[in-house]
Each structure stands twice: as C-alpha cells, then as structure tokens.
Amino acid sequence: MSDAPAAPPVRRHRWFSAGRVLTIAGGTFTQLVRMKVFSFMAIFSLVVIGASFAFADLKTEQELKMLKDVAFAAMALFSMLFAIAGTALLIPRDVEDRTLYTILCKPVPRLEYLIGKLTGVVWLLFISLVCMDVLFCTVLHFKEKIIVEQQLEHLEYRRFSSVEEREKAEAEVTELSETQGLRWNLQAAVVSIFLKSVVLAVVALLMSAAASSTLFSIMTSLAIMIIGHAQQMAREQLLGDSAGVLARLVSGAVALIFPDFKAFDIVDKVVEGTSVPLSALAQMTGLTGIYLTLYLLAAWVIFADKEL
Amino acid sequence: MSIRWKSLGIALLIILAGGVARLPLEQRYTENMRKQQLLDAPLNVSMRDKLGQTFFLAVLGGFRSVVASLVELKALTAWQYSNWGVVDENYAICTSLQPREEHYWEFRAHHLADNARDYYLLNSMLSDASRHALGQQYVDKGIAVLREGLTWLPRSWKLCERIAWYSSMPYTEKRNHAVAAEYYAKAFEASGRRFLWRHHVYQVARIPEREREAWDKLIALYEDDSGKDRTTTVEIELLYLYTVRGIYQRHPALKLPEPLFRLISPASLLTKEEKARAEWMRAKVTERANPNAPRPKPPKVESPNLQKIK
C-alpha cells in the first residue's frame, strides 16, 4: 500500500453562498467608504447643531419640534441620496474598473453579485443612519436638558397669581420633556427612514441593472421616488369608483409598477408624539421585504441576461 | 453591454404580477396605519394652491412636519407686523398639515384670542364700539379654532383648558361660566390634573343656579386628605358663598368648616394672627363680590430675587 496523501475532498459548488454574498458586500462597503461618503457627517453635524441654536427665540415646544423636524429631514435626505447615488454608481463603476469581469468570471452567480452589492449599500445606509441618530439624540438630549433647566429656573423667579397657575406651568414643563424630549419612540422614525432607503436602493439597483449610464439610473430612480410618493393616491383612485377609464388605466399602471413610498412616512407622526406600536414596524418591515424580493427578482432577470 | 428586450419584458411582467398581488396588502396596510393615526390621508388639491408648488412637493415627499414648521415661521413674521389675517391663514395651513399637533391649535387660538384681541381693544384709531366688537370677534374666532382642534384631539387637556379660560376670562364680553366649568371638567377628565378640577369648581361657584353643587364640591376640596386642594381660593369661595351669597339661608343644614367659621366670629374672640388673617380674607371676599371695584395699590416690595437676577 502506498502512503500517498489522500486527495482533498471535492467541494461542490453551491448555487447560493452567503459567504460569497458577504464578501461582495464587504467589498462594496469598502468601495463606498473610499468614496468619502462619511464626510457628509460634517454637514449633518452642522445642520443639527445649527438647528439647535437657530430657533432659540421660539417657544420651547417649537424649538424642540423644529430641531427634530430639521434633523429627521436631513437624515431622510442624506439616506435617500446615498441609496440612489450609491447604488446607481456601483454596477457602472465595476464595469469601468473591470472588477465586474473579475468577479463574474469566477463561479459567482449574478444573483449573488446583485444581493452582495445591495447588502453593501444597506450596510452603508445602516451605519450612516446609526451615526446620524447618535449625533441627533445627543444634541436633543442636551437641548432638552438645557430647556427644562431654564424652564424650572424661570418657574422659581416667576410670580404666579394663584397656585393653579403655578401648577399649570409645572405641568407644561413636565409635559414638554414627556412629549417633545428624547424618547424611544423617535427610533421608530429612524427605522422607517432606513426601510424607505432600502426600498429606494433596490429600485436604483433595478435601474442600474437595466441601464448602462449612471446619470440615467440616478434620474430615473429619482423620478420613481417622486412617483412612488403619489402611488397611494393612484391606488386609491384605482380601487375607488369615481375615476374614468383613462384615469383608471394611468393610476393602475402607477399603482402596479411603483412602490408606495408614502407607506414609510411616519416621521411626522413620531414628531407629533404618536406612539408607534411594534406591530406597525413589523408590518412596515414586511412590506419592505415584499418590495425587496420583487424588484430584486426583476433586477436579476434583467442582469442575468445582460451582455457585459 | 446590451440588454435583451425579452428579459426587460419578463422583468416588467414580474413587477406587474407582483403589483397585482401586493395591491390588496398595501391597501390593508395603509388603512391599518391610518386607523392607528400613523399615516395621513392624501392632501386635497386646494392645499396645493395654499402651499405653492415647492412646499406641496415637499409635503408629498414626506416632509409635512418640516413644511408646517416653516409655514409657522412665516406666521411669526406676519405676527411681528400685527397682520392677523395672514397669521391666521398661515396657522390654518399648519393645522391642516398636522391637525394632531396640539401646539398649532393652541398658538393659532392664542394669536387670535389674545394678541389680535388686545391689538384691537387698545387701538386708539378705532371708535369704542369698533374696538370692542373687533376684540370680541377675535376672542370668538379663537374659541372656534380650539373647538375645531378638539375634533382632532378630543383628549387634549390644554385645548379644553384654553376654551374654558377664553370663555370665562375678564377680557371677554360674553363670559360663560357654565361653558368654562364644562371644559375645565373635560380637561381634568383627560389629564387627571387636580388644578383643573379646582378651576372647574371655581367656575361652578360663579353660576348662581349651581351654588349648592359648588358648595359640596368646595367642601370636598377643603376636606381633601392631602391638603393640596385646600387652597386660599377654596376658602375664599366658601366664605363668599356663606357670607355674601348667604347660602345657609336657603340650605340651613350647611355648615362652614370650624377654622373658617372662626374667621367670621367677632374680633374679640380671635387671636392676633387670626385677626390679621380674618381681615385679609374679608378683603379678598369683598374683592370677589365686587370684581370691578378699584383695587388698593399693593405695597412696593423689592423682590428677594432681585439681587440674584442682577
């Protein structure tokens, strides 16, 4: 009997590998980070800190509301821009750098490539939103603390005409920190912004898979985002009885093709102080899952057949 | 790179088929979220004219709260110029955009029923009749705004409290203590804050037909175990009902609590401290009985905090 070493076991190629997807996602994330996308944090910090001082003349409630409004608007805007521009850039850049050919000449299915790219963008969105959220919560916490302290000090010096007047002023200060201050509920708004950006990213991926021009992908994704905000109106017109045939056709096309971006707009309600139950967030996540599956499948069908 | 049109067609078919499948799900989700007051109904076309194209697009894009805040800033500019029509118009947009934001209703009413009222009441360019008519018109408008706000926020104690105040304040010519009592009671019911219940009782005490009810409620406050509800106003109201309104004549069973009864006893029976307190209470009860009588000037007292403030 010879002592020849046994041949290594033949590893069968799996049609889907999470490891490969994660490798592509990691590469995508690094690629995006190298594009210096995190320098936006400087702008975001300026916006949030500026907003915390800019409205000091307003009534306390307004001041905190304004800070939350500005911060959430900035978060939404930045993450939407990242989702669209970041995703639309990826495939054309990979073609330009020839990275795409290096990856696809290996036994990497195109679906894995797309999922990897999308996961990389989603990581970037998640990390950037976490950074923005931490900064926003810190500023809001200190602002709230300063305002409540000022209010309490004001109560000490103020002359009240009755006990009731004093109790009312105290109740208002208590309510201020309860409704307008830093609460867990605010995180629901951040989650909704994240989910909306993820849907936007998959739409941009679909456009990027279909078109070869970055500019075209960005412009069409932006257009889809705008139309998607009116999808709810179109859907209700389609399901209602009042619309004519032509209106039904147009609204039907809008309702069936585009995602409903309005479904994620709970930020205003969170700022108002409405509590968001976990079940609502779970439903929103479910809806995101449906969009993700649908548009990713469409992107794969186009990309699988694309001559590179 | 080229795309095959066949694959594009298949992709479109997938999206359309998926669209048909997700349509009822999306609709159910939207209805559910609206039921939980997490999503708003779409804006109507008239709002587009009021907001202008840029703001309308921003609202459509999910920036409703930011737009409302910016419109409020516009209202504050109009307020600086005492342009009450524009102030109301801008706040009306805010309340339409975010009808569940309590602060917009409260401020819209405040600008109308306080600021605009004072502006007209103190306007020397107007005749006396016009000043009063315009001032009252704005108070009524403010109350109407708050009532509209309550249809959106029926559990808001602040809006109820404001209606009660504007209905009973000294600056309105249509003082209605019954309405004020009703809204203070609603505010208490919504928040459970005791000072609102005391306000309700004080208002009931001002309605001549409900003096007996007021007496019972005042006694309940006076005898409160915690002692927090035994305020000076409660004592003044009890003394007022007993001595000025003579409630004991119509209801002989009613008895003034012992410590208060001592205050209306002959001076010879009182200690020095009690005498001083009795005198002060008597002055307050007289003031309560004649609210329009000229008040004596308070003595000049330097605030103990003055040094601190400086």
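The values are calculated or read from the model by the stated rules, or taken from the named source; none is laboratory data. Note that the structure is predicted; figures quoted are calculated from it, not measured. Heads up, the Cβs are rebuilt from the backbone with ideal geometry, glycines too, and the neighbour counts pull from every protein chain shown.
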- Task: Please note which helices (runs of 4 or more DSSP H) are completely contained in segment B:97-200 and include at least 2 residues that are under 30 Å from residue B:39 (Cα atoms).
- Result: B:102-110, B:128-152, B:157-168, B:177-191
- Message: One residue is enough: does segment A:155-166 have a residue meeting the conditions closer than 30 Å to residue B:221 by Cβ and buried (at least 18 other Cβ atoms within 10 Å of the Cβ)?
- Response: yes
- Task: Tell me, yes or no, whether segment B:221-234 has at least one residue that is away from chain A (no Cβ under 14 Å), surrounded by fewer than 16 Cβ atoms within 10 Å (Cβ to Cβ), modelled with pLDDT under 90 and closer than 26 Å to residue B:157 by Cβ.
- Result: yes
- Could you grab me the full set of residues in segment B:29-44 that are over 22 Å from residue A:286 (Cα atoms) and either in a helix (DSSP H, G or I) or over 28 Å from the mean Cα position of the chain (by Cα) (or both)? B:42, B:44
- Mind listing just one residue for me: the one in segment A:284-308 that is among the small types (Gly, Ala, Ser) and buried (at least 23 other Cβ atoms within 10 Å of the Cβ) and, of those, farthest from the other protein chains (Cβ to nearest Cβ)? A:299
- Can you tell me how many residues in segment B:8-40 are touching a helix residue (DSSP H, G or I) at 6+ places or on another chain (Cβ under 7 Å) and either surrounded by fewer than 12 Cβ atoms within 10 Å (Cβ to Cβ) or β-branched (Val, Ile, Thr) (or both)? 5
- Go through segment A:219-256 residue by residue and tally those that are of a type outside the set (A, V, I, L, M, F, W, C) and within 22 Å of the chain's Cα centre (by Cα). 6
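Please tell me if residue B:156 is more than 21 Å from residue B:214 (Cβ to Cβ) and more than 14 Å from the chain's Cα centre (by Cα).
No; evaluated as a whole, the condition is false for this residue.
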- Message: Any residue in segment B:12-34 that is more than 23 Å from residue A:206 (Cβ to Cβ) and at the interface with another protein chain (Cβ under 7 Å from one of its Cβ atoms) sitting within a Cβ distance under 8 Å of a residue that is of a type in the set (A, V, I, L, M) and outside any helix (DSSP H, G or I)? List the pairs, counting only those 6 or more apart or interchain.
- Response: B:30/B:39; B:33/A:266; B:33/B:39
- Note on the structure: Scanning segment A:153-184 for residues that are closer than 26 Å to residue A:50 by Cβ and aliphatic (A, V, I, L, M), the one farthest from the other protein chains (Cβ to nearest Cβ) turns out to be A:182
- Leading residue by the ranking (nearest to residue A:80 (Cα to Cα)) among those in segment B:42-93 that are among the hydroxyl-bearing types (Ser, Thr, Tyr) and more than 11 Å from chain A (Cβ to nearest Cβ): B:54
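Go over the candidates B:38, B:97, B:51, B:112 one by one and state the one that is without any contact (Cβ under 8 Å) to a residue 24 or more places away in the chain and out of contact with any strand residue (DSSP E or B) (no Cβ under 7 Å at 6 or more places or on another chain).
Residue meeting the stated conditions: B:38.
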- helices (runs of 4 or more DSSP H) wholly inside segment A:25-134 containing at least 3 residues that are out of contact with any Asp or Glu (no Cβ under 6 Å at 6 or more places or on another chain) and surrounded by 18 or more Cβ atoms within 10 Å (Cβ to Cβ): A:40-54, A:60-81, A:87-96
- Considering only segment B:45-90, how many residues are over 20 Å from residue B:134 (Cα atoms) and assigned to a helix (DSSP H, G or I)? 30
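One line per residue, one yes/no per condition, for (1) out of contact with any strand residue (DSSP E or B) (no Cβ under 9 Å at 6 or more places or on another chain); (2) aromatic (Phe, Trp, Tyr); (3) under 30 Å from residue A:174 (Cα atoms):
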position	(1), (2), (3)
B:192	yes, no, yes
B:200	yes, no, yes
B:211	yes, no, no
B:222	yes, yes, yes
B:226	yes, no, yes
B:232	yes, no, yes
B:235	yes, no, yes
B:238	yes, no, no
- Task: Can you tell me which residue within segment A:1-46, out of those that are at pLDDT 80 or above and β-branched (Val, Ile, Thr), is nearest to residue A:69 (Cα to Cα)?
- Result: A:43
